[in-house]
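Got a structure here, written out as structure tokens. Questions coming.
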Protein chains: 2
Amino acid sequence: MREHETGDSFAVRVAAAVRATGPLCAGIDPSGELLRDWGLGDDVAGLREFCHICVDAFAGTLGVIKPQVAFFERHGSAGMAELEQLIREAGQAGLIVIADAKRGDIDSTAAAYADAWLGSGSPLAADAVTVHPYLGLAALAPMIHLAGHNGKGVIVVTRSSNLEGRALQEALTAQGPSVEESLLAEIAAWNKAGTVPSGTVGAVIGATLPRSAFPLSQLGGVILAPGLGTQGARPADVADRFGDCSPGSILASSSRSLLANGPDPASLRKAAAALAHELSTLMG
Amino acid sequence: MREHETGDSFAVRVAAAVRATGPLCAGIDPSGELLRDWGLGDDVAGLREFCHICVDAFAGTLGVIKPQVAFFERHGSAGMAELEQLIREAGQAGLIVIADAKRGDIDSTAAAYADAWLGSGSPLAADAVTVHPYLGLAALAPMIHLAGHNGKGVIVVTRSSNLEGRALQEALTAQGPSVEESLLAEIAAWNKAGTVPSGTVGAVIGATLPRSAFPLSQLGGVILAPGLGTQGARPADVADRFGDCSPGSILASSSRSLLANGPDPASLRKAAAALAHELSTLMG
């Protein structure tokens, strides 16, 4: 059995962070292009410096960061070691870390991903991990159970911010609702059932598109809303689309447009604070 | 621009391997349970020994292996370093390596996953990688293009071997066909269009379930069929479900039930050869 690390569910911790600093999550996307823009090498040393700057800039200013795992995996195991260090240092600095890994598999493989991203003592363990539901949300039960046990979260991609996903996500299940609406209902059911703490399961819902019909106020978990900035969503879109959700449950995520204010930590910090303030004001 | 590593497409290389040794792919699944069953530590040293035994047993006996990335990621960056070594050693031993990573994202993030798993010079680069299509197959274009350029493959999960995926995968798109059939048609279109070599894009189709209506003989890519053994599919099921597909395009995958013959390499080799022979005979 793993140690229960905290008494609060993931959603409770996020809500406290949102109350303190606003509903903004900073995406940590050290792409080759951005490393070059910041005057850093497209290598492991560049990754490390990029992450140091981000922790310096965001700790104390924002509550939540979202490293995009692909940009670390791109450098192989040495890049993943930098991600481990980022997760550790960000946690020590008081930041909640969502590993944007979009993992997902079945049976013992799903349990292995749970161990990797949500297990106590795992070097990659974050506060939450994003997952792909193509194999069915129920197949991800090992991840949800371990997250619940450890006060962590599983955030399910449901309505992505890109247009290429519409046909699949809007397809109609035999029961009637669309794929994404069925998933949202399943997420709400997990958060109500009592087998894991309410707020263990969240959803990725792009801020770039109009909402589906599912009443998000009943989701019971964190909504991670990517797409702010480069992908086209404005703060007003976030307020418009998610204004009726539970206070503290929305995390709008900005990556490229926010990081374009680097590499100076003071400029990054100022831009993050201003965007978080704008979102807080708009969302009441 | 990256160097084009081979003149043959991924599907052509797989077909040659199937002709030589049969339509069996060995899953490399070093779960904690299996490491213990083999008398190895559930740690990085155990992973390394497990992989050495597998390469020793399968090289020359089978053409293709499929390491399940989750079981390496579970050990963090140090586990991923063992995966890099497995990919390198297996390649040197003449094995085709399919990284069962089930990755998938959009835009520059999809490009980063492409760099990681399909890029020339990347320490994790395999011959092919499995992907999740929840964000839409078109969003994975950066992975497909890089795979095609480098003579590698992208294998799309379409009809998974588990029951929890049925509702989503059988949901009906607005155009009429189900999610999985739409994906199969998109895969066939990629393999015909000429923008990447035919055979660059394949599909994961579980051997545990009856086939969908899509004519798989028109897919134009490799079909990876998991589920043989522990998950319930028998060799006769594979022959029955995929017998009309292009010769050499089917790779039935067995993990736990095959690996249960370890840790003795001779026993593993014998079991793999027998199963490959049985599949070859049944599939004509």
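Tell me: how much accessible area in total is hidden between A and B, 1.4 Å probe, Å², nearest 100?
Approximately 4200 Å² gets buried when A meets B.
Now for a separate question. Using a simple charge model, +1 on the beta-carbon of Lys and Arg, -1 on the beta-carbon of Asp and Glu, nothing else, what dipole does the protein assembly as shown show about its Cα centre, in debye to the nearest 20?
Roughly 580 debye, rounded to the nearest 20.
Around B:SER178, which amide H atoms from residues at least 5 apart in sequence, or from another chain, sit under 5 Å from its own amide H, with H modelled in the peptide plane?
Excluding prolines and chain starts, which carry no amide H, the hits are B:THR173.
Before rounding to the nearest 500, sum -39500 (n - 2.57) across all DSSP H runs of length at least 4 in the protein assembly as shown and divide by the residue total; then give [θ] at 222 nm in deg cm²/dmol.
Computed mean residue ellipticity for the protein assembly as shown: -13000 deg cm²/dmol.
Report the one residue of A:LEU279, A:GLY248, A:VAL179 whose Cα lies farthest in the direction of the positive end of the charge dipole of the protein assembly as shown (charges on C-beta: Lys and Arg +1, Asp and Glu -1; origin at the Cα centre).
A:VAL179
Quick one: what do you get for the stretch A:108-192 if you divide its Cα Rg by 2.2 N^0.38 Å?
Here the answer is 1.16, to two decimals.
If N is the number of residues in chain B, what value comes out of its Cα radius of gyration divided by 2.2 N^0.38 Å?
0.93
Counting only DSSP beta bridges with both residues in chain A, what percent are antiparallel, rounded to the nearest 5?
Of those bridges, close to 5 percent are antiparallel.
Please give the solvent-accessible surface of B:HIS277 in Å², to the nearest 10, using a probe radius of 1.4 Å with every protein chain present.
Accessible surface of B:HIS277 is approximately 120 Å².
Here's another thing I want to ask about it. What list of ³J(HN,Hα) values in whole Hz, one per residue of the stretch B:216-228 in order, does the Karplus curve 6.51 cos²θ - 1.76 cosθ + 1.60 (θ = phi - 60°) give from phi, with Gly and Pro shown as x?
Taking θ as phi minus 60°, the curve returns 5, 5, 9, 5, x, x, 6, 10, 8, 10, x, x, 6 Hz for the stretch B:216-228.
Please get the size of the charge dipole for chain A, origin at its Cα centre, with Cβ charges of +1 on Lys and Arg and -1 on Asp and Glu, quoted in debye to the nearest 20.
Magnitude of the dipole: close to 500 debye.
Full extension from A:SER120 to A:THR230: what is 0.36 nm times the residue separation minus their Cα-Cα distance, to one decimal in nm?
Value of the extension gain: 36.1 nm.
Which distances, in nm and shortest first, link the B:ALA16 label point to the same label point in every other copy, taking 7 Å along Cα→Cβ?
6.0
Compute from the Cα atoms of the protein assembly as shown the Rg and the Dmax, the latter being the longest Cα-Cα distance, and quote both in angstrom.
22.6, 69
I would also like to ask the following. Could you work out the relative contact order of chain B, using alpha carbon pairs under 8 angstrom and six or more residues apart, expressed as a whole percent?
With pairs under 8 Å counted, the relative contact order is 22 percent.
Nothing charged except the Cβ atoms of Lys and Arg (+1) and of Asp and Glu (-1): what's the magnitude of the dipole of the stretch A:182-284 about its Cα centre? Round to the nearest 20 debye.
100
Between B:LEU172 and A:GLN92, what is the label-point separation in nm under the 7 Å Cα-to-beta-carbon projection?
5.8
What is the sum of charges, Lys and Arg at +1 and Asp and Glu at -1, for the other residues whose Cβ falls under 12 Å from the Cβ of A:ARG166?
-2
Let me ask another. Can you list the distances in nanometres, one decimal and ascending, from the B:ALA93 label point to the identical position in each other copy, with the point 7 Å along Cα to Cβ?
Here B:ALA93 shows inter-copy label distances of 4.3 nm.
Among A:255-265, A:111-121, how do they line up by average Cβ neighbours within 10 Å per residue, starting with the highest?
Highest-to-lowest ranking by the protection proxy: A:111-121, A:255-265.
Using a 7 Å offset from Cα along the direction of the beta-carbon, what are the separations from A:ALA236 to the same position in each other copy, nm, ascending?
Once sorted, the set of distances for A:ALA236 reads 6.7 nm.
Need one number: % antiparallel among DSSP beta bridges in the protein assembly as shown, to the nearest 5.
Taking every DSSP beta bridge with both residues in the protein assembly as shown, the antiparallel ones total about 5 percent.
Next up: Hey, if you put +1 on the Cβ of every Lys and Arg and -1 on every Asp and Glu Cβ in chain B, which of B:LEU268, B:PRO133, B:TRP190 ends up farthest toward the positive end of that dipole?
B:TRP190
Keeping all protein chains in place, calculate the accessible area per residue for the stretch B:177-278 (probe 1.4 angstrom), answer in Å².
Accessible surface, normalised per residue, equals 37 Å².
May I pose another question? Of the heavy-atom accessible surface of the stretch A:1-160 (probe 1.4 angstrom), what whole percent is carbon and sulfur?
48
Hey, what do the phi angles of the stretch B:194-205 turn into as Karplus ³J(HN,Hα) couplings, whole Hz, using 6.51/-1.76/1.60 and θ = phi - 60°, x for Gly and Pro?
Result, rounded to whole Hz: x, 6, 10, x, 4, x, 6, 10, x, 9, 8, 9.
How far is it, in nm, from the label point at B:ARG211 to the one at A:LEU282 when both lie 7 Å from their Cα along the line to the Cβ?
My value for the distance between the label points is 5.1 nm.
Can you list residues from other chains, or at least 5 along the same chain, whose modelled amide H is less than 5 Å from the amide H of B:VAL156?
When sequence neighbours closer than 5 places are left aside, the close amide H contacts are B:VAL131, B:GLY202, B:ALA203, B:VAL204.
The values are calculated or read from the model by the stated rules, or taken from the named source; none is laboratory data. Source: prediction; values computed, not measured. So basically every Cβ, Gly included, is an ideal-geometry build from the backbone, and we count neighbours across all protein chains shown. Keep in mind that these areas ignore ligands, DNA and RNA; they rest on the heavy atoms of the full protein, side chains included. Shrake-Rupley method; radii C 1.70, N 1.55, O 1.52, S 1.80 Å.
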